[in-house]
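One structure below.
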Amino acid sequence: MKIGRSLCDRYGSKALRAAINAVFGGHQPVQRCRAHKLRNVLDYLPKEDKAQVKSLMRSAWKLPAEQGMARIKKLAAWLDQNYPQAAASGSDPQSLCDRQPKGGVVTSN
């Protein structure tokens, strides 16, 4: 039986990732939940910065992959300098930029 390539969605569960690897293989694209990713970053920001960061992340996710990644990298650098815990909660710019396949970028971590 041949299994086609599918996009899997998860929320940080190592056991779920292991199950995806076992069924579909280690190169299966996986997207982490945007809502949880956004909430994780915002939880480390002061109230006055939350709306702007939320808007920046959401607008970057709507852009074509190359432009979106450029904006996310810029935001990640700013977060790293001003709010290191918020930056660390996204783990890296790529993780902040998970998007649906039509946007072109999907993580596999």
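Observations on the structure shown:
- The residue that is nearest to the chain's Cα centre (by Cα), counting only those in segment 9-23 that are within 24 Å of W61 (Cβ to Cβ) and at pLDDT 60 or above, is G12.
- Of all residues in segment 84-98, none satisfies being charged (D, E, K, R) and either touching a Phe, Trp or Tyr at 6+ places or on another chain (Cβ under 7 Å) or modelled with pLDDT of 60 or more (or both).
- Residue among A76, A88, A70, A51 that is in a helix (DSSP H, G or I), among the small types (G, A, S), free of Cβ contacts under 8 Å to residues at least 60 places away in the same chain and crowded, with 17+ Cβ neighbours inside 10 Å: A76
The values are calculated or read from the model by the stated rules, or taken from the named source; none is laboratory data. Fair warning: this is a prediction, and the values are worked out from it, not measured in the lab. Ideal geometry is used to build each Cβ from the backbone, glycine not excepted, and the neighbour counts take in all protein chains shown.
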